[in-house]
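What follows is a single structure, written as structure tokens, with notes after it.
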Amino acid sequence: MAGERRAEIDGRRMKTIFDAINDFGRVTDMPGWNRPGLSDEDMAVRRWFAARMQGEGLRVSMDGAANVSGRLGPEGEPCVMLGSHLDTVPSGGAFDGALGVAVALECALAMRDAEVPLVHPVEVIATSEEEGRFGGMLGSQALAGLTTQEWLGTAADADGVRLADALASHNLDPAGVMASARPANSVRAFLELHVEQGPVLERASIPVGIADRVSGVVHLGVTLRGVANHSGTTPMDMRADAFAGLAEIATAIPGLIAGRGTDQSRITIGKVELSPNFPHTIPGEALFSIIVRDAESVAMDRLCDGLRDRIAAVAGRHGLAHEIVERSRIEPVMLDAGLADLLRKEAKALALPSMVMPSGAGHDAQTMQALAPAGLIFVPSRGGVSHAPDEWTDWDAAVAGARLMLAAAVRLACE
Ligand SMILES: [Zn+2]
């Protein structure tokens, strides 16, 4: 590429894209950013992003799953795809997803401005519904051909809104989602930049992480059934207290991980419903979720088996009936080793210290790995905070990560 200008990230332009994305989803009655997948705010930011890319001269389209893409360079396949998601969790932060979308567009604009001689098209993609409002990663699953008619017909959010109805409210439908699958070999590589959402990089003072794998997730739904009774008249040794059982299960988790888990094991009881849920009544029933994560499938099995044993033992001791349902399971995913290697080499060439690490959170990259080699770059999250309004990444770190993505993308798109 002798004689050509080197493509460079314009950190200020990238910031204006990032800020403009985050003009969407501010609502008066909730803190943070609120662009749940397929909400009005989410669709509004997609339309804005499509128009912005159009204004930059990219070839823009929105598919039947509400993924927005913009293409640069030659027509045809296979493309080098760069992107992340535009939706947020309720009361989420500004960086989760939005940063990766801003970085992807800035990388494309940097290549355009430097007239990089692209052999393959570069496609910027803003995926839809990554945060799992409907229990999946709708946009990337659609691209990778992983959605099923059955799931599209039955999925609903926590408020009971059906996915099919949410799609219909934006003139979309399950058939259009199914039709959004990309053909095999149409994507040469998928690269995503994302905030780490954990404390590892910050603690190690390393500016970029390169994820080599993504943890799997098992969602268990547990019911403990005892006897609701008067809190004053029922002796302590004659109770079947569902909450007492739940508490014992919760305190057993660290020991279970120490005995059967790995350093990547995470077990969380995140949602609890007690009934009757009244101060003067012994809880007769506890319904709760247990989320088990690990980077190894066999470790997830060991932990789930251990939980089943522990729950049965605790239920027996407290005189409780128990039921455990596996609500969903996502297997751990190994990302593409060749892309991780490329990212490591490019980081070295940029004199950017990097570390290879697993991802504890789910990302579009893991879904896209089913379609194409996928790579995932992490930048530090201040205090490890994410899915909260005070999510923060220093802009210098965001730009450093973007420079790494650009270097890798140029190499992939020009060879
Ligand atoms: Zn995300």
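The values are calculated or read from the model by the stated rules, or taken from the named source; none is laboratory data. On a predicted model such as this, the values are computed, not experimentally measured, just so you know. Using ideal geometry, Cβ is built from the backbone for each residue, glycine included, and neighbour counts are taken over all protein chains shown. Side chains included, ligands, DNA and RNA excluded: accessible areas come from the protein's heavy atoms. Shrake-Rupley method; radii C 1.70, N 1.55, O 1.52, S 1.80 Å.
Remarks
- Picking from residues in segment 112-124 that are of a type outside the set (Asp, Glu) and under 17 Å from GLU192 (Cβ atoms), the one that is farthest from the ligand (Cβ to nearest atom) is VAL122.
- Taking segment 20-58 as the range and being touching a Ser or Thr at 6+ places or on another chain (Cβ under 9 Å), in a loop (DSSP other than H, G, I, E, B) and open to solvent by less than 20 Å² (accessible area, probe 1.4 Å) as the test, the residues that pass are GLY25, GLY32, ASN34, ARG35, GLY37, LEU38, LEU58.
- Every listed requirement among (1) surrounded by fewer than 18 Cβ atoms within 10 Å (Cβ to Cβ); (2) within 16 Å of the ligand (Cβ to nearest atom) is met by GLY83 save one, (1).
- Filter result (within 16 Å of the chain's Cα centre (by Cα) and open to solvent by 10 Å² or more (accessible area, probe 1.4 Å)) within segment 199-227: ASP212, ARG213, VAL217, HIS219
- Selection count where residues are within 30 Å of MET357 (Cβ to Cβ), more than 18 Å from the chain's Cα centre (by Cα) and open to solvent by less than 40 Å² (accessible area, probe 1.4 Å), scope segment 144-198: 3
- Residue within segment 125-141 that is more than 16 Å from the ligand (Cβ to nearest atom) and open to solvent by less than 20 Å² (accessible area, probe 1.4 Å) present: no
- Filter pass, ASP159 being of a type in the set (Asp, Glu), more than 16 Å from the ligand (Cβ to nearest atom) and either assigned by TED's automatic domain parsing to the domain that holds ARG35 or in contact (Cβ under 8 Å) with a residue 40 or more places away in the chain (or both): yes
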